[in-house]
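J.: Input: one structure, supplied below.
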Amino acid sequence: MVRAVVLSLVLVVAGWGLIAPARHFVFTAASAQDDTPENSGLPAGPGREEVFYLCQACHSLRTVLQQRLPRWEWGYTLDWMVEEQGMAELDPEERELILNYLGTYLSATSPR
Ligand code: HEC
């Protein structure tokens, strides 16, 4: 009985020793990205927060960041998100804000 208790204690301690560093690694790796608008990789500017929260609801912001499109093509992308991908329709002011953001900071000529 004592042996069984000692053995299970050893197993628990040894197991935790193995799991804790792995957990630490997994959680820091996962929380290092897309955490806040500031560290998301989105350039600072009006509309950043809206893009951060809205676009990340369905996919990684990398999907957004890897695209470099002129404003009119971002317009098509937003329509496509609404018509085909299930994004809620934006009210005109929000759409304008987001389109201005995307067309300014994520156009083909914006710095990476
Ligand atoms: C309701 C869910 C939803 C929301 C909200 C959403 N998307 Fe998407 N988006 C999708 C899906 C589904 C795809 C399809 C492919 C995929 O899974 O990456 C996609 C793909 C994309 C692509 C890739 C297009 C390509 O040619 O490969 C871009 C760019 C994009 N979205 C931009 C945005 C932006 C910008 C926003 C915020 C304004 C946004 N999305 C919000 C669902 C969404």
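The numbers here are math on the coordinates, done by the rules we state, and not lab data. Everything quoted here is computed from the prediction, not taken from an experiment. Ideal geometry is used to build each Cβ from the backbone, glycine not excepted, and the neighbour counts take in all protein chains shown.
J.: Need pairs with beta-carbon distance below 7 Å; first residue free of Cβ contacts under 8 Å to residues at least 40 places away in the same chain and within the stretch 78-100, second within 6 Å of the ligand (Cβ to nearest atom) and among the acidic types (Asp, Glu); sequence gap 6+ or separate chains.
T.: Close Cβ pairs satisfying both conditions: none exist.
J.: Further, regarding this structure: I'm checking my understanding of the structure. Among residues of the stretch 42-88 that are more than 11 Å from the ligand (Cβ to nearest atom) and not in a helix (DSSP H, G or I), which one is surrounded by the most Cβ atoms within 10 Å (Cβ to Cβ)?
T.: Once the filter is applied, the top-ranked residue is 43.
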